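Below is one structure, written out as structure tokens; the observations come after it.
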Amino acid sequence: MAPSGDALDSLVDWERGLISPEIFWSSEVYERELERIFLRTWQFLAHESQFQKPGDFFQTFIGNDPVLVVGQADRSVKAFINSCRHRGMKVCRADSGNSRAFTCTYHGWSYDIAGKLINVPSHADAYYGELEMEQWGLVPVPRIETYKGLVFGNFDEGAPSLLEYLGDMAWYLDALLDRREGGTEFLGGVHKIRHQGNWKFAAEQFAGDTYHALITHASAFEATADPTAAKRLNLATEARQYSSRAGHGLAGFADGDNTLSIDRMRALSRDHQLVADYYASTTAEVIDRLGKERAGALAFGAATVFPNLSYLNGTIANSSIGVFLPKGPNDFENWRFGIVDRAAPPEVKQAMARNMHVWPLGLADADDGENWSTMGTNMKGVMVRRTKLNYQMGVGHERDDDPKYPGRIGSQYYGEGPQRGYYRRWLDFMTSDAWPRLTPQAATA
Ligand code: FES
Ligand SMILES: [Fe+2]
């Protein structure tokens, strides 16, 4: 399959909700994604709290490019391709830490924390003193911008600002990032799980697939949640789905003051009780800051910032950021970071860290991974790949003029509007040579 624009159009019919599994399998589609999606979109790199001192570093990826993110002396953050300019060896091999410089272990070229080449062994003898070291610094990620603690990078000089890129997703993100004065911090550490499947399986699921939770996670819910609280939810009316023309998506419960969500946390353990009490005790403050819609309602849910950054907000007494890093068409890593209000008491932060190991790490991520890896294996089948998949749930039942929530809104628990919106945006990127800017009118088209 040649991935021309026309061919891609025939693979993704987002309007009718028909998608070809080829987009989860084809190497040509995948290579095109690395260029057109990963090198042009704002890519989540790290949280500012990971860089307390100059030289603090964290290693991640943009697409398949290894990226070294480093805290600078002026408290700003820079990012570089972690590849030595001499032969392409990694100049930093640790996942995270602090360093005054990065010295390549192959021949010893050394770079400072701003990416400048500062030492070349035997420069005078081997290079006759002629190598122009200022020309051979690490390749920077040219654009770095932050949104309320989250650090993003973008290789495309022509992309709009991060804020413009997020659009009304920023309004929803605030329910995670701006609940309290001081914002958030990461709990420390990152959990990495590898799945045999396509990275979009995970990204589209977090954008809006509440449908799977009741089946895929049935036993996990039974083990962790108060069943009477779950029964009190009316799924037909007490949830919302948000999709944005920019490809972002979110789904969550809309139970006003979150009492049901908070009650559901209490059942499991003392740690869950502690966090439920914390949420209950901060509800009034958050309503003051963000208003009732965001303090309650969709605050508790799952979301995807296009294309591969997802989060769970307040789910089973903790919040986490997930990023889905492609390793091949049928291979990806799910990296998950715990995120907490900086102002939360230490015992609540510790309880959240422990809760995160129960859900999502211990239960939900394993449940989801089983689906994604089995779907990935299925895609090996030729007939499987020739058969379109159904994304039609709720077609025509979303509105763009919800009085409370910005974006395109589905007014119940079930729906695949966010997934259709996700692939609509995916198609924009995959088929446009120029950066696919959205006009204000396009937002509701
Ligand atoms: S590859 Fe880094 S010094 Fe040679
Ligand atoms: Fe799930």
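Translational diffusion of the chain was estimated from the Stokes-Einstein equation, with Rh taken as the Kirkwood radius over Cα pairs; at 10 °C and 1.306 mPa s the coefficient is 70 µm²/s.
The spacing between segment 277-295 and segment 362-416, judged by their C-alpha centroids, is 30 Å.
Peptides 22-29, 59-66, 148-155 ranked from most to least packed, by the mean per-residue count of other Cβ atoms within 10 Å: 148-155, 22-29, 59-66. Under the rule a/c < 1.5 gives rounded, and otherwise a/b versus b/c splits prolate from oblate, where does segment 312-382 land using the Cα gyration tensor? Prolate, since a/c reaches 1.5 and a/b exceeds b/c.
Of the peptides 77-85, 41-49, the order by per-residue mean of other Cβ atoms within 10 Å, starting with the highest, comes out as 41-49, 77-85.
Projected label points at residue 157 and residue 212, each 7 Å from Cα along the beta carbon direction, are separated by 4.0 nanometres. In summary, the convex hull built on the alpha carbon positions of segment 54-204 has an orientation-averaged projected area of 11.6 nm².
The peptide list 109-122, 132-145, put in order of mean Cβ contacts within 10 Å with the highest first, becomes 109-122, 132-145. Label zone of residue 333 (point 7 Å out along Cα→Cβ, amide N under 15 Å): in segment 48-63 this covers 58-63. Among the cysteines of the chain, those with no neighbouring cysteine Cβ under 4.7 Å are 92. Using the beta-carbon distance between residue 342 and residue 96 and R0 = 22 Å, what value does 1/(1 + (r/R0)^6) give for FRET efficiency, to the nearest 0.05? It comes to 0.65.
Computed over the chain, relative contact order equals 21 percent, with contacts defined as Cα pairs under 8 Å that lie 6+ residues apart. Quickly estimate the mean residue ellipticity at 222 nm for the chain, helices only: each DSSP H run with n ≥ 4 gives -39500 (n - 2.57), and the total goes over all residues, rounded to 500. Dividing the helical sum by the residues of the chain leaves -8500 deg cm²/dmol. Share of carbon and sulfur in the accessible area of the chain stands at 51%, probe radius 1.4 Å. Spin-label model, residue 10/residue 35: points 7 Å from Cα along the beta carbon direction are separated by 2.1 nm. Rolling a 1.4 Å probe over the protein heavy atoms gives the chain an accessible area of 41 Å² per residue.
In segment 292-445, Rg over Rh equals 0.99, where Rg is the alpha-carbon radius of gyration and Rh the Kirkwood radius from pairwise Cα distances. Of the listed residues 180, 100, 270, the order by accessible area with a 1.4 Å probe, largest first, is 100, 270, 180. Classify segment 166-224: rounded, prolate or oblate, from the alpha-carbon gyration tensor (a ≥ b ≥ c, eigenvalue square roots; a/c under 1.5 rounded; otherwise prolate if a/b is larger than b/c)? Verdict is prolate for segment 166-224. With a Förster radius of 60 Å applied to the C-beta separation of residue 292 and residue 128, the computed FRET efficiency comes to 0.25. Taking every protein chain into account, the 1.4 Å probe leaves residue 395 with about 60 Å² of accessible area, to the nearest ten. Of the whole protein surface, residue 125 contributes about 120 Å² of accessible area at a 1.4 Å probe radius.
The distance between label points at residue 395 and residue 74 comes to 5.3 nm (points 7 Å beyond Cα on the Cα→Cβ vector). Taking a ≥ b ≥ c as the square roots of the eigenvalues of the Cα gyration tensor, segment 44-125 is classed as oblate, since a/c reaches at least 1.5 and a/b does not exceed b/c. Gain on full extension, evaluated as 0.36 nm per residue between residue 382 and residue 434 minus their Cα-Cα distance, stands at 15.4 nm.
The values are calculated or read from the model by the stated rules, or taken from the named source; none is laboratory data. All values reported here derive from a predicted model rather than from experimental measurement. Every residue, glycine as well, gets a Cβ built from its backbone with ideal geometry; the counts of neighbours run over all protein chains shown. Side chains are part of the model used for accessible areas, which takes the heavy atoms of the whole protein and leaves out ligands, DNA and RNA. Shrake-Rupley method; radii C 1.70, N 1.55, O 1.52, S 1.80 Å.
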